[in-house]
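The values are calculated or read from the model by the stated rules, or taken from the named source; none is laboratory data. Here the structure is a predicted model, which is why all the values come from computation and not from measurement. Glycine also receives a Cβ, built like all others from the backbone with ideal geometry; neighbour counts cover every protein chain displayed. Remember, those area values only see protein heavy atoms, side chains included, never the ligands or the DNA or RNA. Shrake-Rupley method; radii C 1.70, N 1.55, O 1.52, S 1.80 Å.
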Amino acid sequence: MNQCYAIVPAAGSSRRMGKPKLLLPWQASSLGTRASSPSTPTTVIDQVLHAWTSSRVARTVVVIRNGDIPLREACRRHAVHIVEPEITPIDMKASCCVGLQFIQQQFRPDSSDRCFIAPADLPELNNAVIDCLIASESLPAEVVVPKFGTRIGHPILLPWPLTREIFELDIAEGVDAIVARHPKRCICFPPEELVADIDTPEEYEHALNRTTARRSDAHGTNIRYT
């Protein structure tokens, strides 16, 4: 069976949020996310890393700014590999390159392996979505993407050979350029389960409200994805 890796690029400065967004408080999800101890509040990064580490992903690599002690300590609560490059990556794409280099050097993936790429600020992500993408019967050259109603969202799953294209992207291109130019396998989810990133205080509040509403709707039922 092929291995799946995940890169969590967490070296951003949260300028639009005005404070470190990955350390903002977050309510435990209905899938069982909880703080490591009663005295440790659940944060956005706790929620995100729980989703990855409780999924079928083999290794999760988190790229953070060198010297970001609070985020480093939060990440250490989870079974992840933390990478702190000497020079802070200028954007998500650069962080992904750092993570890919780490995976290549440490684990030597082969051509049948795959790698998830997604922003770090996805507190609505859960392991059910991740595992559904992993279980998809995709062709070796296909990019696997979740489709929430009519919208393609996060995270994306790349065949390992395609990850080298991230190093070749133009300065104005993002990882979505790779998704656009390769065959895709879309895995469909209900539109209300869209996994969205949070860049502003308003997006953070909306995400919290959606999570509360989903918990209420799912109370006493099993969450299912198709």
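So here's what we get for this one:
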{"quantity": "Potential extension, Q104-E86 segment - 0.36 nm per residue separation minus Cα distance", "calculated": "4.6 nm"}
{"quantity": "The chain, accessible surface, carbon-and-sulfur percent (1.4 angstrom probe)", "calculated": "51"}
{"quantity": "Cα gyration tensor shape for the stretch 82-157, rounded if a/c is under 1.5, else prolate or oblate", "calculated": "oblate"}
{"quantity": "Normalised contact order of the chain, rounded percent, pairs of Cα under 8 Å and 6 or more residues apart", "calculated": "23"}
{"quantity": "Gain in span if fully extended, S13 to T212, counting 0.36 nm per residue against the direct Cα distance", "calculated": "68.9 nm"}
{"quantity": "Burial order of peptide ranges 134-145, 51-62 (average beta-carbon count within 10 Å, highest first)", "calculated": "51-62, 134-145"}
{"quantity": "Net length gained if the chain between R56 and C186 were fully extended (0.36 nm per residue, minus Cα distance)", "calculated": "44.9 nm"}
{"quantity": "Cα→Cβ-extended label distance, 7 Å offset, between E205 and E173, nm", "calculated": "3.9"}
